[in-house]
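Below you'll find the structure, written out as structure tokens, and then a few comments.
The values are calculated or read from the model by the stated rules, or taken from the named source; none is laboratory data. Note that the coordinates shown come from a computational prediction; the quantities given were computed from them, not determined experimentally. Every residue, glycine as well, gets a Cβ built from its backbone with ideal geometry; the counts of neighbours run over all protein chains shown. Side chains are part of the model used for accessible areas, which takes the heavy atoms of the whole protein and leaves out ligands, DNA and RNA. Shrake-Rupley method; radii C 1.70, N 1.55, O 1.52, S 1.80 Å.
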There are 2 protein chains.
Amino acid sequence: MTTYRIGQFAAKVGLSAYTLRYYEQEGLLMPHRDANDQRYYTEEDVKWLIFILHLKGTGMTMSQLKTYVKLRAQGDATIDQRLTLLHDVADEAHAQIRALQNNLAVLEHKIDWYQGKVDATIAEDESFEAYLNRLDQEEKHDRTNL
Amino acid sequence: MTTYRIGQFAAKVGLSAYTLRYYEQEGLLMPHRDANDQRYYTEEDVKWLIFILHLKGTGMTMSQLKTYVKLRAQGDATIDQRLTLLHDVADEAHAQIRALQNNLAVLEHKIDWYQGKVDATIAEDESFEAYLNRLDQEEKHDRTNL
DNA sequence: GCTTGCCTTAGAGTCCACTCAAAGGCTTAT
DNA sequence: ATAAGCCTTTGAGTGGACTCTAAGGCAAGC
């Protein structure tokens, strides 16, 4: 069975050895030790860490992750709590995506507006505000003419 | 015409007066001054700040914002550069949304898996890995049977 | 006349998640 | 044999965007 020493593991998962020791200190990832106390990581650890990275990637904080890990260690009795926690994180992530999309929409309107100025397809002197209002009108119009 | 003193403006836009002075120091927002050097903000400032907050909300950094503002101050000759900058920010934001959605998908699969365990609709001892694999299979199956 | 709100500059503190350094020691690879 | 890689503990540094304090001083409202 394949095992990895910390340096190899770090390279494999794209983290530094520092970070791996830090995660271990925080209780997120507990590698095995060989006879000389050197850490080694297994494929199981790869899967678990990748899962952790997915959770982190949703915006889950270190502190939430630590809570999750502690609950997990207490066995099936804590599944409800884990579900609650994960639901909270998922809700947050959904909100974040919505916010991001909303902000991005404004940014892309601005890009279009600049592009229009460059292409001279919109009036030289139409303000961004006026442009946004015009878009709103057109949107309304589109919606009415479905 | 309505104007706001810093405290009122802060309340209106949901930032602190500290932050507004900080933004001013960084050149993002330059309010007017009255005879006693007290700042006052106009509706124009409201619009501009809200736009800035949208940009920030896409992940645009302070430093990018400062660049943008500087370009803007130099007039129409810098529109191409502004477009390039905003495109970069938009691309980043799109990537962020994709990453978030991807990570969230994994999290939601995990939630479903826990829920399945609680409902006893999945086997007591099916691992998350096995569950993900099974989902992949079913997805493939679904795609084939369109 | 007192409180509240604002002004200035300069600098310190906060939060989060790392990231690195120092120092001394052991093991593994070439 | 020597370098590279790992081990420990403790503590300091980093980056970004605020956030607040101190100290001293106007100015408007009740």
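Tabulated values for the structure
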{"read-out": "222 nm mean residue ellipticity, helices alone, for chain A (DSSP H n ≥ 4; -39,500 (n - 2.57); rounded to 500)", "value": "-23500 deg cm²/dmol"}
{"read-out": "Cα-projected label distance for A:Gln137 with A:Ala95, points at 7 Å along beta-carbon direction, nm", "value": "3.7"}
{"read-out": "Mean Cα-pair separation over length for chain B, i.e. relative contact order, pairs under 8 Å, 6 or more apart, %", "value": "15"}
{"read-out": "Inter-chain shielding of A:92-100 (mean C-beta neighbours from other protein chains, 10 Å cut-off)", "value": "4"}
{"read-out": "Cα gyration tensor shape of the protein assembly as shown, rounded if a/c is under 1.5, else prolate or oblate by comparing a/b with b/c", "value": "prolate"}
{"read-out": "Rounded to the nearest 10 Å², the accessible area of A:Val118 at probe 1.4 Å", "value": "70"}
{"read-out": "Per-copy distances of the A:Glu108 label point, shortest first, in nm (7 angstrom along Cα→Cβ)", "value": "1.9"}
{"read-out": "In segment B:1-43, the GluC sites (Glu not before Pro) that fall in loop regions by DSSP, at most 13 other Cβ within 10 Å", "value": "B:Glu26"}
{"read-out": "Rotational relation B to A, axis-closest Cβ in chain B, residue and distance rounded to whole Å", "value": "B:Ile97, 3"}
{"read-out": "Interface A:B - total buried accessible surface [probe 1.4 Å, Å², rounded to 100]", "value": "3400"}
{"read-out": "Kirkwood-based Rg to Rh ratio, segment A:76-146, C-alpha trace", "value": "1.32"}
{"read-out": "Sparse-neighbour loop sites [GluC sites (Glu not before Pro); segment A:101-131; at most 13 other C-beta within 10 Å; DSSP]", "value": "A:Glu124"}
{"read-out": "Euclidean distance of C-alpha centroids, segment A:1-36 and segment B:84-100, integer Å", "value": "32"}
{"read-out": "Student exercise, segment B:15-142 dipole from Lys, Arg, Asp, Glu Cβ charges, in Debye to nearest 20", "value": "840"}
{"read-out": "Using a 7 Å Cα-to-Cβ projection, A:Arg5 label spacings across copies, nm, ascending", "value": "6.8"}
{"read-out": "Sites matching trypsin sites (Lys or Arg not before Pro) across segment A:1-62 that sit in DSSP coil, with at most 16 neighbouring C-beta atoms within 10 Å", "value": "A:Arg5"}
{"read-out": "Burial order of peptide ranges A:94-101, A:79-86 (average beta-carbon count within 10 Å, highest first)", "value": "A:79-86, A:94-101"}
{"read-out": "Residue-wise HN-Hα coupling along segment B:58-64, computed from phi with Karplus coefficients 6.51, -1.76, 1.60 (Hz; x: Gly, Pro)", "value": "8, x, 4, 7, 3, 5, 5"}
{"read-out": "Portion, in percent, of the accessible area of segment B:1-57 that falls on carbon or sulfur, probe 1.4 Å", "value": "49"}
{"read-out": "Amide H partners (placed H, <5 Å) of B:Ile122, local residues excluded", "value": "B:Lys117"}
{"read-out": "Global geometry of segment A:52-105, whether rounded, prolate or oblate, following the gyration tensor of its Cα atoms and the 1.5 cut on a/c", "value": "prolate"}
{"read-out": "Qualifying aspartates and glutamates (Cα of each under 20 Å from Cα of B:Lys66; at least 8 residues distant if same chain)", "value": "A:Glu108, B:Glu24, B:Glu26, B:Glu44, B:Asp45, B:Asp76, B:Asp80, B:Asp88, B:Asp91, B:Glu92"}
{"read-out": "For residues of A:102-112, the mean tally of beta carbons on other chains within 10 Å", "value": "6"}
{"read-out": "Ascending list, in nanometres, of distances separating the B:Asp119 label from those of the other copies (7 Å, Cα toward Cβ)", "value": "4.8"}
{"read-out": "Cα gyration tensor shape of chain A, rounded if a/c is under 1.5, else prolate or oblate by comparing a/b with b/c", "value": "prolate"}
{"read-out": "Table column - 3J(HN,Hα) (Hz), segment A:129-137, Karplus curve with 6.51, -1.76, 1.60, x for Gly and Pro", "value": "4, 4, 4, 4, 5, 4, 4, 4, 4"}
{"read-out": "Label point at A:Val69 placed 7 Å out along Cα→Cβ; residues across segment A:1-31 whose backbone nitrogen lies under 13 Å", "value": "A:19-31"}
{"read-out": "Note, ³J(HN,Hα) from phi for segment B:85-96, Karplus 6.51, -1.76, 1.60, rounded to Hz, x at Gly and Pro", "value": "4, 5, 4, 4, 5, 5, 4, 4, 5, 4, 4, 5"}
{"read-out": "Within 10 Å of each Cβ in B:17-24, the average number of Cβ atoms from other chains", "value": "0"}
